[in-house]
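Colleague: After the structure tokens below, expect a handful of questions from me.
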Amino acid sequence: MALGRWGSLLQQLWLRLYSPPGGECPPNDLEVKAFSNYASSCFTRLFLSPQEDRAASNGESRLIMLQCFPQRMTWEHLRPSAPKVNWAKAIWFKGSVPKFAFTFWTANLDRLPVRARLVAWGMNIYPLCCLCNQATESRDHLLLHCEYSEQVWEESLRRLGHTRFVFHNWSALITWLSSASVSTPSKLKLIVCHATIYLLWRERNNRHFNSSTTTPTALSRQLDRSARDLLLARRYRKGWQRLLSSWFAHS
Ligand SMILES: [Zn+2]
């Protein structure tokens, strides 16, 4: 077979995947060729053992692999893709905190199980807001317009160097997050907004499930602590060096 080392690698792979335990059943040339075509469409290095991976990382084999299976093309081929959305950069960015980003992403899709949604699903529950007990608990009310949330946002925005203002709906928040600001680094805005949403949602759940409450002032202190820890841990990363001083600028 003219496949050289690559053919040898395929044979090893074939044996690993298809040979019965305790016996070896080498493929013939046709099978190697068919397997090669199959592997071209779905092969990834995840299938390799550490020894094979090291072997494939040397010289010719690595060159052949890079020519046949560029990682980017393989990834693009394997994953389902969809058109880019305008809010992606407001949620997924390098250095984000997974639990913050996930909660924000779920909120952005309006998939958080707020009481208004649970009632709409037919559940017989009390529909008013966990935080203020005055309005129906929808996403926008709970996370943006509630009296409790407004106090937390007021402090978060003050720390970002902004005077008090209210996001009239979720789209306004996303637009603000996506827009560049001269005075506030974009990454700091994202981190603080993600943390604010996460802490508000956690406070809501604490009240709903544990009957424990925290004041808006105490919640803002928790946010400050989270932001400090986060910025301190990332202070040597490219693009993060000045964020800690920006956060302290309005303390
Ligand atoms: Zn409320």
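Colleague: Are any of the pairs Lys187/Lys238; Lys94/Lys238; Lys84/Lys189 more than 19 Å apart by Cα-Cα distance, and if so, which?
Modeller: Beyond 19 Å between Cα atoms: Lys84/Lys189.
Colleague: At a threshold of 8 angstrom on Cα-Cα distance, excluding pairs fewer than six apart, so keeping six or more, what relative contact order does region 113-251 reach in percent?
Modeller: Relative contact order, region 113-251: 22 percent.
Colleague: Can you tell me the FRET efficiency between Thr163 and Tyr126 if r is taken as the Cβ-Cβ distance and R0 is 41 Å, rounded to the nearest 0.05?
Modeller: For R0 = 41 Å, the calculated efficiency reads 0.70.
Colleague: So, one more: Can you give the direction-averaged projected area of the convex hull of the alpha-carbon atoms in region 131-222, in nm²?
Modeller: 5.7
Colleague: While we're on this one: Give, rounded to the nearest 20 debye, the magnitude of the charge dipole that region 86-204 has about its Cα centre when Lys and Arg contribute +1 at Cβ and Asp and Glu contribute -1 at Cβ.
Modeller: 460
Colleague: Taking the Cα centre of region 67-115 as origin, sum charge times position over the Cβ atoms of Lys and Arg (+1) and Asp and Glu (-1), and report the length of that vector in debye to the nearest 20.
Modeller: In total the dipole reaches around 120 debye.
Colleague: Using packing as a proxy for protection, rank 125-131, 211-217, 148-154 so that the peptide with the highest average count of other Cβ atoms within 10 Å comes first.
Modeller: Top to bottom by mean Cβ count within 10 Å: 148-154, 125-131, 211-217.
Colleague: Please give the length that would be gained between Gln222 and Arg202 if that part of the chain were fully extended, namely 0.36 nm times their separation in residues minus their C-alpha to C-alpha distance (nm, one decimal).
Modeller: Net length gain for the segment: 6.0 nm.
Every read-out reported here was derived from the displayed coordinates using simple, explicitly stated rules and does not represent laboratory data. Just so you know, these numbers come straight off a predicted model, no measurement behind them. Neighbour counts run over all protein chains shown; Cβ positions are idealised from the backbone, glycine included.
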